[in-house]
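**Q** First the structure, then my questions, so here it is.
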Amino acid sequence: MSIKKIAPGETRIGWIGTGVMGSSMCGHLIAAGFAATVYNRSREKAQGLLDRGAQWADSPKAVAATSDVVFSIVGFPSDVRSVLLGNDGALAGSRAGTILVDMTTSEPSLAVEIAERAAKANVYSVDAPVSGGDVGAREARLSIMIGGDKQVVDALNPCWQAMGKTIVHQGGPGAGQHTKMVNQILIATNMIGVCEALLYGYRAGLDLNVVLQSVASGAAGSWSLSNLGPRIIAGNFAPGFLVEHFIKDMGIALAESKRLSLSMPGLALAHQLYLSLQAQGHGRDGTHALELALASMAGFDWSKR
């Protein structure tokens, strides 16, 4: 089965999931010249895209019925299964040759299942989770980690280039999701270090903004420190990436680690700390809100310091 050329003005895209990340990502494709049909559980969250010319569909199945390439970025693996494989899912509405691209951070095994079921319907499937948060999505600087057939992945280059900066094909179905697990494991323990370091600096009486001038550009520097450190200092815990979604990701990584007979004590600790943060009512805050849980353990309210 030949792969149709993908190009602005020729290819019609579908987009399922217009949240913090998805809205910006779809917006970049529209700006690049792709006509789009969108679906989201809450239509109001898609209004900005509709105002820019996107068409609305009442279900993922209806999105696929009018699209050549269907992108999805939703919350949990159960959501992925519903919007792609459900009775009203995108696969049910796809024609032969349609490409399904799931950009949700999800289970590698589910990515493989989607690819297998899609192939039986002569539909292509790619898993392409991303890293970079809300800022990377807004500025089209995402790192996109891709699993799937190389010819299909290469054909999608005009779409990748509209949304991301670092675009790497990692291997077959599920390889993108496995790579994202590596990414999330790296972030999990790094975030503990960022939050503990700022907590220490505060208790030592330092000006944290001045501290960042010294440490952010040296060996201790990281994306999280440079981009989320200032938000922590300002007490701004609005989500670039939700705590509850990060807990989901760590849970997937822990389950995959168990399957691979790996002990992951650092990841397990981070998972427990984030579960505590969620129990304190911060599941819908950004991942950097871990500072609040650590401050609480130290006996004070970070927002009132």
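No value in this document is a laboratory result; all are computed from the given coordinates. As the structure is a computational prediction, the values presented were derived from the model and not from experiment. Cβ placement follows ideal geometry from the backbone for every residue including glycine, while neighbour counts extend to all protein chains displayed.
**Q** Quick one: what does P(r) look like for segment 179-304 with 5 Å bins over all Cα pairs, in whole %?
**A** Going from the shortest bin to the longest, the percentages are 2, 11, 22, 23, 19, 13, 7, 2, 1, 0.
**Q** Separate question: Quick one: what does P(r) look like for segment 41-123 with 5 Å bins over all Cα pairs, in whole %?
**A** 3, 15, 26, 26, 17, 8, 4, 0
**Q** Under 10 Å, Cα contacts only: if you run a Gaussian network model on the chain, which one of K180, K258, K61 comes out with the highest mean-square fluctuation?
**A** With Cα springs under 10 Å in the chain, the top fluctuation among K180, K258, K61 is at K258.
**Q** Ok, one more. Provide the packing ranking of 125-137, 46-58, i.e. peptides ordered by the mean count of other C-beta atoms within 10 Å per residue, highest first.
**A** 125-137, 46-58
**Q** OK, next. How big is the chain along each principal axis, measuring the range of its Cα positions in Å and listing the largest first?
**A** Cα extents, longest axis first: 64, 46, 34 Å.
**Q** Can you give me the pair-distance distribution of segment 104-222, C-alpha pairs, 10 Å bins, whole percents?
**A** With a bin width of 10 Å, the distribution comes to 13, 33, 27, 16, 9, 3, 0.
**Q** Further question on the same structure: Which of the lysines could a cross-linker bridge to K248, judged by Cα under 24 Å and excluding same-chain residues fewer than eight apart?
**A** Within the straight-line cut-off, K248 pairs with K45, K180, K258.
**Q** Can I ask one more? Residue by residue through segment 243-258, what is 3J(HN,Hα) from phi via Karplus (6.51 cos²θ - 1.76 cosθ + 1.60, θ = phi - 60°)? Round to whole Hz and write x for glycine and proline.
**A** Using θ = phi - 60°, the values come out as 3, 5, 6, 5, 4, 4, 4, 5, x, 4, 5, 5, 5, 5, 4, 4 Hz.
**Q** Still on this structure, I have one more. Given springs between every Cα pair under 10 Å in a Gaussian network model of the chain, which of T37, T166, T105 has the largest fluctuation?
**A** Judging by the Gaussian network model, the answer is T166.
**Q** Per residue and in Å³, how big is the convex hull formed by the alpha-carbon atoms of segment 1-97?
**A** Convex hull volume per residue, Cα atoms: 88 Å³.
**Q** Let me make sure I get this right: for segment 12-172, a, b and c are the square roots of the gyration tensor eigenvalues over alpha carbons, sorted descending. Under 1.5 in a/c it's rounded, otherwise prolate if a/b > b/c, else oblate. Which is it?
**A** Working: a/c = 1.41, a/b = 1.08, b/c = 1.31.
Taking the square roots of the gyration eigenvalues as a ≥ b ≥ c, segment 12-172 is rounded.
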